Amino acid sequence: MRWEWVAIVLVAGLGIGLLVSRQPEPELKPAGKGDPDKVSIKPIDLEGLEKEVHSHKGKPVLVEFWATWCGPCRSDFPKFVAIHEQYAERGLVCLSVSLEREPELDSDRALQFLRNQRSTTINFLWTERTERGGEGLETRFGYPGGIPYAAFFGRDGVRIAPADGPVFPKLELLTKVEAELSR
């Protein structure tokens, strides 16, 4: 009976410790300052996306993968816009890559979504719906196969991986962005 109480106390202590040590996600709300008329979207493949990321060497680059058919992407996208609004003047480059199921048919829907979000980031529509494209996203961008997903590249052009798992918690991502901008 005594060991049972010891076990209960230990488990309760661990649970409380995890709850206390866990930091809340920062609140990120876009100001909505972007001009919808200046929002555009361009088709891109693996090679083009790699060139785009590397063309900004010397600046940190955040790449957000999303799609209009993805509910979590639609609800999370305003946070991406807020990050852009907050850090672009300090040098952060934000790229959005829409992974629509039918790029040719869904490009207008993706563009309309971006305009509604006032996303004046650099916006792309993924066109490389091939095995090579999927493998390239996985190996070069760390893409785990689910969206929304953010890949972050330091000033040196090298991808910075999340500390724990394939996806950045927002607080960790903002910490990495701040660190890169301060270098």
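Figures for the structure shown
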{"item": "Search result, residues across the stretch 47-79 that are modelled with pLDDT of 95 or more, within 18 Å of residue 152 (Cβ to Cβ) and either aliphatic (A, V, I, L, M) or touching a Leu at 6+ places or on another chain (Cβ under 8 Å) (or both)", "result": "49, 52, 53, 59, 60, 61, 62, 63, 64, 65, 66"}
{"item": "Qualifying residue in the stretch 30-40 (condition: at pLDDT 95 or above and outside any loop (DSSP other than H, G, I, E, B))", "result": "no"}
{"item": "Residue identified as surrounded by 10 or more Cβ atoms within 10 Å (Cβ to Cβ), modelled with pLDDT under 50 and within 26 Å of residue 173 (Cβ to Cβ) among 13, 17", "result": "17"}
{"item": "Selection within the stretch 57-66 - surrounded by 20 or more Cβ atoms within 10 Å (Cβ to Cβ) and not charged (D, E, K, R)", "result": "60, 61, 62, 63, 65, 66"}
{"item": "Residue in the stretch 114-133 that is of a type in the set (A, V, I, L, M, F, W, C), in contact (Cβ under 8 Å) with a residue 60 or more places away in the chain and closer than 19 Å to residue 180 by Cα present", "result": "no"}
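Residue-wise test of (1) closer than 18 Å to residue 51 by Cβ; (2) not acidic (Asp, Glu).
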site	(1), (2)
101	no, yes
113	no, yes
123	yes, yes
128	yes, no
137	yes, yes
140	yes, yes
177	no, yes
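The values are calculated or read from the model by the stated rules, or taken from the named source; none is laboratory data. Everything numeric here is computed off the predicted structure, so don't read it as measured data. Glycine gets a Cβ as well: all are built from the backbone with ideal geometry, and neighbour counts include every protein chain shown.
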